[in-house]
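Data first, discussion second: the structure below is written as structure tokens.
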Amino acid sequence: MSPDQAIPSPPSDASTDPGDSLPLRSSRTGLQVLQALKDSAGGHVSGSFLASALGISRTSVWKHIQALRARGYNIDTHPKLGYRLLDTPDLLLPEALLPLLHTDHIGRVYHHLERTTSTNDQAMALALRDSPHGTLVVAEEQTHGRGRLQRPWASAPRHGLYLSLILRGPFPFERAPQATMVAALSLTRLIRSQWGLQASTKWPNDVLIQGRKVAGILTEAKSDPDQVHFLVLGIGINVNHPAEDLEGPFRYPATSLAMELGYNLKRLELLAFFLDALEMDYKEWIKGGFESFSREWESTSWILNKTVTLQCNDGAITGQVVGFSSEGALRLLQHDGIERVIWAGDVERVEGIA
């Protein structure tokens, strides 16, 4: 095998720092060293081979190995055989994610942060600086994660997925809320198919498992009266949180995928699966609108046929959810027999749920 085959160049769109953050980076040569260790499939790679293939000294190879160890990579050293990769850190690093993606745009520009206030804040700043469609911001921890109506989102370090995507249209302003529902449906379908859990959607922006919240979505936009210029789609997923991390004054009980499954997941794989699914659904939505998703949304709805209280612009209203329109609006049958179509609102209470 030639050195070029053994040590491929890393992707050029590795992580950068969009602002208030603590980025994790590796040098280009460091990523090449890492790829060579991965390609050895658990075997040793000699320092002399790495030095020759990369055109650097063996001392430089050792320094790159030390830098990778500092990032959490478990690398064994043998005095005669060289270096061997034993384990990789549970970090959502670009050099680990990008090879797993099958997307055209989503995640191809990737900003990975160790800690930040909110990924939506960072993505909004990037979008205003013309960062392209599909730009992804991921944080290992958020200090001020938020959901709809400025509600706090628990963002324990390295336990969940906290990410924001820049999605560019153009499309009419009235279609913007549908992007939230499309993302919720992508995640719900993935959880069902990949892990066999009975995930459900809760209009308009949550994903539940047996009535317990596992994910929430916050969509923010820049628009004029006629069209949306871009959306920032913020998504928080409870992945490996233990029960004690999810205790608090939440409106709905919370859960994590690990709590439901009884074991921890590889967050990186979940992220790659989700981004792949979301891009396919987003393309379909842009092309054909929400109508092709409406039947599936209704079949996965946790509140369908339940009596709920909604907070809308004109106050609280109560009724039975009898379905959803082809554009994603909620159809509510009030006690007086009048059906209302609700385009925007917040489910405050579900009858029979404490």
Inset, instruction - Grab the strands (runs of 3 or more DSSP E) fully contained in the range 268-354, keeping just those with 1 or more residues being at positive phi. - result: 315-324
Legend entry - Matching residues in the range 201-245 - criterion: being open to solvent by less than 50 Å² (accessible area, probe 1.4 Å) and part of a loop (DSSP other than H, G, I, E, B): Trp203, Pro204, Asn205, Gly211, Asn238, Val239, Asn240, His241, Pro242
Inset, instruction - Name every residue in the range 36-51 that is in contact (Cβ under 8 Å) with a residue 40 or more places away in the chain and polar (S, T, N, Q), in order of residue number. - result: Ser40
Inset, instruction - Would you be able to say whether some residue in the range 169-180 is farther than 24 Å from Cys312 by Cα and either open to solvent by 60 Å² or more (accessible area, probe 1.4 Å) or modelled with pLDDT of 85 or more (or both)? - result: yes
Inset, instruction - Considering only the range 119-145, state which residues are part of a strand (DSSP E or B) and of a type in the set (S, T, N, Q). - result: Gln142
Legend entry - Residue under evaluation Asp121, criteria (1) crowded, with 19+ Cβ neighbours inside 10 Å; (2) touching a helix residue (DSSP H, G or I) at 6+ places or on another chain (Cβ under 6 Å), criterion not met: (2)
Inset, instruction - Within the range 302-319, identify whether any single residue is more than 22 Å from Gly234 (Cβ to Cβ), surrounded by 14 or more Cβ atoms within 10 Å (Cβ to Cβ) and touching a Pro at 6+ places or on another chain (Cβ under 8 Å), and answer yes or no. - result: no
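The values are calculated or read from the model by the stated rules, or taken from the named source; none is laboratory data. Because the structure is predicted, anything quoted here is derived from the model rather than measured. Don't worry about glycine lacking a Cβ; one is built from the backbone with ideal geometry, like all the others, and counts go over all protein chains shown. When the accessible area is computed, the model is the full protein with side chains, heavy atoms only, and any ligands, DNA or RNA have been set aside. Shrake-Rupley method; radii C 1.70, N 1.55, O 1.52, S 1.80 Å.
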